[in-house]
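Just below is one structure, and these are the notes that go with it.
The values are calculated or read from the model by the stated rules, or taken from the named source; none is laboratory data. Predicted model only: the values in this text are computed from it and were never measured. Quick reminder, even Gly has a Cβ in these numbers, built from the backbone with ideal geometry, and neighbours come from all protein chains shown.
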Amino acid sequence: MLGPNGAGKTTLLRILCGLIDPTVGNVATAGLPPTEARGTIGFVPPGERTFYMRLRALENLEFFGRLYGMRRDEARARALTLMERVELADALERRVGTYSQGMLKRLAVARAMLTNPSILLVDEATHDLDPAGARRIRELARQAADEGAAVLWATQRIEEIRGFADAVTVLASGRVRFQGTVADLLLHSSSSRYLVELTDGNRSVRSITSALTKAVRGLGSIVPVDSSGRRNYILSLTEGIPLGKALASIMAARFQIIACREERSEIEEAFLSLTGKDPR
């Protein structure tokens, strides 16, 4: 589930968990009202202040296991298994308050998996994590899916979608703007955008802008990135126009191209097209 801040992702997940009631309409989780389905749901909430920070990690998991109705020995055995799985076995006796953000997120996944849920709801699990930590959290979610759990992953980090999501729902302002596969999402991508760095000699800003606009007329548009109007430009191509044709036209206008790279991925373009908001 992809959407910008304020789209309604967290609110929807909290409704699915039975933590809050919808203001209108009805919702079913695994065919049941959310309050009756809680035993089948694992929830990884946003933020890290959802544990008792003065308690040890193992004590935290045992406590939450007991809240789920587990016997003490059952909760401890399950906690030990999960601490090994999320690679925290060597830190199970440490107080949670000493954990890093990445460790806290892995511990949150372990807590969500205590009851071996059939549904795993994950809310912004990789926010503020480094690439390695984010990848590990995604691997844990993928493992849960491979073992049969239905995983709903909510994020605003669009780079997580490709190669990870089987299906995508895009939310914006509390409304569903898209549902389908990643390939279907890419069909909403708008014109390709490229960051082009040029050398422009000693021409004035006005003459540079005029010459570039004339060079790409009928092919797309080009605008300066900063107020100087020199060197760095965003080139937006009209659908169906190859990049090479536009670059050749720019060089024919006596500009030397130093570098050219995609400004946005196709998924970013689709996200912007559907939500009207820049993911960055």
In the list R136, R177, R162, which residue meets the criterion of being among the basic types (K, R) and free of Cβ contacts under 8 Å to residues at least 60 places away in the same chain?
R136
Subset of the range 83-121 (residues that are closer than 14 Å to E147 by Cβ and touching a Gly at 6+ places or on another chain (Cβ under 9 Å)):
V109, A112, M113, T115, N116, P117, S118, I119, L120
Go over the candidates R38, R76 one by one and state the one that is farther than 25 Å from V176 by Cβ and either modelled with pLDDT of 95 or more or of a type outside the set (A, V, I, L, M, F, W, C) (or both).
R76
Would you tally the residues in the range 139-178 being surrounded by 19 or more Cβ atoms within 10 Å (Cβ to Cβ) and assigned to a helix (DSSP H, G or I)?
5
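For the range 58-96, what are the residues that are among the charged types (D, E, K, R) and touching a Lys or Arg at 6+ places or on another chain (Cβ under 8 Å)?
E62, R66, R72, E87, E93, R94, R95
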Could you list all residues from the range 1-56 that are touching a helix residue (DSSP H, G or I) at 6+ places or on another chain (Cβ under 6 Å) and not assigned by TED's automatic domain parsing to the domain that holds G180?
M1, G3, P4
